[in-house]
Amino acid sequence: MVVSPFEFKQDYSFELSDEDKEELEIEEEVAVFSIVTIHSEITKSTMNLLAPVVINPVKRVGKQVVLLQSDYMTRHLIWTEELTTTEGGA
């Protein structure tokens, strides 16, 4: 399963390398997704912010990009205390 990381972490941001931009032929439009791991206890589900899936929707090409020099984790908890309270969850 993939999700838009911006739905869960509004301040998520990163810079693509020139090589990745060239390979994906990115000029303007880009779609970014994070791979999700669903845990049996839903509040422990995580998403991978360190290696997003980046897609050029115009050219219909994409790849998973590992972000270098980043503090993001591969197992970022999706359901924070704030989200579960706000969304009426656990």
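Structure values in brief
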{"item": "Backbone N under 19 Å from the Val30 label point (7 Å along Cα→Cβ), restricted to the range 51-78", "result": "51-74"}
{"item": "Straight-distance crosslink candidates among lysines, where the alpha carbon sits under 20 Å from Lys59 and sequence neighbours closer than 8 are dropped", "result": "Lys21"}
{"item": "Computed over the range 2-79, the ratio Rg/Rh where both radii use C-alpha atoms and Rh is Kirkwood", "result": "0.99"}
{"item": "Rel. contact order, % - alpha carbon contacts under 8 angstrom, at least six apart, the range 1-49", "result": "42"}
{"item": "Gain on full stretching of the segment that runs from Lys63 to Asp11 - 0.36 nm per residue minus C-alpha separation", "result": "16.5 nm"}
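Coordinate-derived values only; no laboratory data. Quick caveat, the model's predicted, so the values are computed rather than measured. No Cβ is skipped: glycine too gets one built from the backbone with ideal geometry, and neighbour counts run over all protein chains shown.
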